Amino acid sequence: MRTALKLALTFSLITASAAHATSFANRGLGLGLGFMRIFSDDSTVPDFAVPLWLEGSYYAESGFDVYVRIPLALANVKIGAPTASGAGLVVATGGQFGVRYLFLEETVRPFVSVHLSGIYVLRPTQAGSVDIGSNLLAGPGVGAGVEYFVGDSVSLQLRGFVDWFISLNGPQRFSLGGTLTAATYF
């Protein structure tokens, strides 16, 4: 009887430690490169941006993951826009705060997401000051993608997204973009 009890205890400890070693990590950090096309008739809004994304995520439960993505981007302002140089490359930042749903929690993880998105364009005016109100775009967005784990805690993620930047007194703006992100989970 004692031998059977010892074997059962040993087996349960081994399986518990093995299950812990392969369990899903709840937190993630990632770095990604992307492209955004912003559709607008407003010449003061950049027409495209190339963002470098920093991403943090937390796995909540039942396939739901909460994330924050912060870009630092080079954006192209259309010709004739009221910047210090008239047009060209400007710096932009912003963020996405959202929730994604993982359809699978295996090596390959397809997902969909909803988020709140914002872009802030650091664009000086003719006088050299920064006009805060016209440089901010914000609104809801959706996304989809797939994540592939290349190791136990490292993944590559391909994501596409669409944002609608709400404007109460101006033209409506939409963006379409995508990123390739490398992430580590801990």
Among (1) touching a strand residue (DSSP E or B) at 6+ places or on another chain (Cβ under 6 Å); (2) modelled with pLDDT under 95; (3) within 21 Å of residue 167 (Cα to Cα) - the single one residue 141 does not satisfy: (2)
Filter result (touching a Ser or Thr at 6+ places or on another chain (Cβ under 9 Å) and open to solvent by 70 Å² or more (accessible area, probe 1.4 Å)) within the stretch 108-122: 122
Index of the failed condition, residue 70 passing every other in (1) modelled with pLDDT under 95; (2) among the hydrophobic types (A, V, I, L, M, F, W, C); (3) touching a Leu at 6+ places or on another chain (Cβ under 7 Å): (1)
Of all residues in the stretch 1-48 being among the aromatic types (Phe, Trp, Tyr) and at pLDDT below 80, the one that is nearest to residue 159 (Cα to Cα): 24
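The values are calculated or read from the model by the stated rules, or taken from the named source; none is laboratory data. Because the structure is a prediction, the values reported are computed rather than measured. Glycine also receives a Cβ, built like all others from the backbone with ideal geometry; neighbour counts cover every protein chain displayed. Side chains included, ligands, DNA and RNA excluded: accessible areas come from the protein's heavy atoms. Shrake-Rupley method; radii C 1.70, N 1.55, O 1.52, S 1.80 Å.
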